[in-house]
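The values are calculated or read from the model by the stated rules, or taken from the named source; none is laboratory data. Just so it is clear, the model here is predicted, and its values are computed rather than measured. Cβ sites come from the backbone with ideal geometry, for glycine too, and all protein chains shown count toward neighbours. Just so you know, the surface numbers come from the protein's heavy atoms only, side chains and all, with ligands and any DNA or RNA stripped out. Shrake-Rupley method; radii C 1.70, N 1.55, O 1.52, S 1.80 Å.
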Amino acid sequence: MFPIHRNRRLRTNESIRSLVRETTISPNDFMFPMFIAEGKGVEVPLGSMPGLFRRSIDLTVKEVKELWSLGIKAVNIYVKVDDSLKDNAGTEAWNKNGLMQQAIRAIKDAVPGMIVMPDVALDPYSIYGHDGIIKNGDIANDETVEALVKMAISHAEAGADFVAPSDMMDGRVIRLREGLDTAGYQNVGIMSYSAKYASSFYGPFRDALDSAPKESGIEIPKDKKTYQMDYANRIEAIKEALHDVEEGADIVMVKPGMAYLDIVREVKNAVNVPVAVYQVSGEYAMVKAAAERGWLDHDRIMIEQLHCIKRAGADIISTYFAKEAAILLNK
Ligand code: PBG
């Protein structure tokens, strides 16, 4: 009680503030999402994600070496394949020599210590831009899960350390675990996008991969609301995370980040596995756009947001700021 307690004593100067600081961030906390393109020497700037590129495998490997030297220990991999390789079943997704599989191999060859977590979902391979197989106007859950198992096994064969299902089908984690184990990949982990919301914050990502749900001749859902979660819901996120842990997820993820930090804390309190948070493309784009206009201080906002995500309960942060933040933190 005042005047015995004066809380400002612990804020007097940076030395005391740093002694009592509850949350610190370091490059060890970050995963860097990377977009892979076909070809060689290809580097396409992403319009709605300034500073980021879709790169061919050779240039991706170069970038991964740099990330490693900055102290970043994990990357999330997303691919953009040619439209001619897309179909409803996502068949290209488990091509042993597909772009994803080649990228995993190349990265693991070049930087064996880097944890490689390929995205497991059919949208980059789907003619409809959906995360699953369309049947009778809906996304067929169980057929999709079987496709995801084939996909994940092909990632494991290529050398992935973890697979990261982002599709939100029911029961995919247990089926992935069983599939990986049966194929002899007991040591390949699962980071599940457990509480993934149907969010408009994913817009720039879908631009980057041209993976948004598409208009088509047949009757299909125009958005992802029948599998991704309703942003109005909180308790459901805990249910999803608990189910995934039961099904064998090694890490659970909440996505998006900043607008969902209440969910991050709830999930963190509910589970006994590490919690990852994905600060998604729209969050990145907002900071970049405001900073470009001189409306926000880019670096300070970036570092503040990363602290806040960690404080909310993130053990790992998947962020497009990983490289820039690492450079700043290493200074
Ligand atoms: C694909 C996937 C998406 C993101 C990660 N994996 C898009 C979506 O679900 O439509 C979004 C990431 C971001 O916005 O940064 N399943």
Every residue from the stretch 21-70 that is touching a residue at least 12 places away in the same chain (Cβ under 8 Å), in a loop (DSSP other than H, G, I, E, B) and among the charged types (D, E, K, R)
Glu22, Glu38, Lys40
From Ser166, Ser216, grab the single residue that is in contact with a strand residue (DSSP E or B) (Cβ under 8 Å, 6 or more places away or on another chain) and among the small types (Gly, Ala, Ser).
Ser166
Being surrounded by 15 or more Cβ atoms within 10 Å (Cβ to Cβ), under 22 Å from Val20 (Cα atoms) and more than 16 Å from the ligand (Cβ to nearest atom) is the filter here; which residues of the stretch 312-327 pass it?
Ala312, Gly313
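Select from the stretch 223-233 the residues that are basic (Lys, Arg) and either more than 13 Å from the ligand (Cβ to nearest atom) or open to solvent by less than 20 Å² (accessible area, probe 1.4 Å) (or both) and list them in ascending order.
Lys224
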Within the stretch 195-205, restricting attention to residues that are within 18 Å of Tyr320 (Cβ to Cβ) and either without any contact (Cβ under 8 Å) to a residue 40 or more places away in the chain or among the hydrophobic types (A, V, I, L, M, F, W, C) (or both), which residue is farthest from the ligand (Cβ to nearest atom)?
Phe201
Within the stretch 249-306, work out how many residues are free of Cβ contacts under 8 Å to residues at least 24 places away in the same chain and aromatic (Phe, Trp, Tyr).
1
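Is the stretch 286-297 home to any residue that is in contact with a Ser or Thr (Cβ under 7 Å, 6 or more places away or on another chain) and more than 9 Å from the ligand (Cβ to nearest atom)?
No: zero hits.
Of Glu219, Glu246, Glu215, which residue is in a helix (DSSP H, G or I), open to solvent by 10 Å² or more (accessible area, probe 1.4 Å), more than 9 Å from the ligand (Cβ to nearest atom) and farther than 24 Å from Ile107 by Cα?
Glu246
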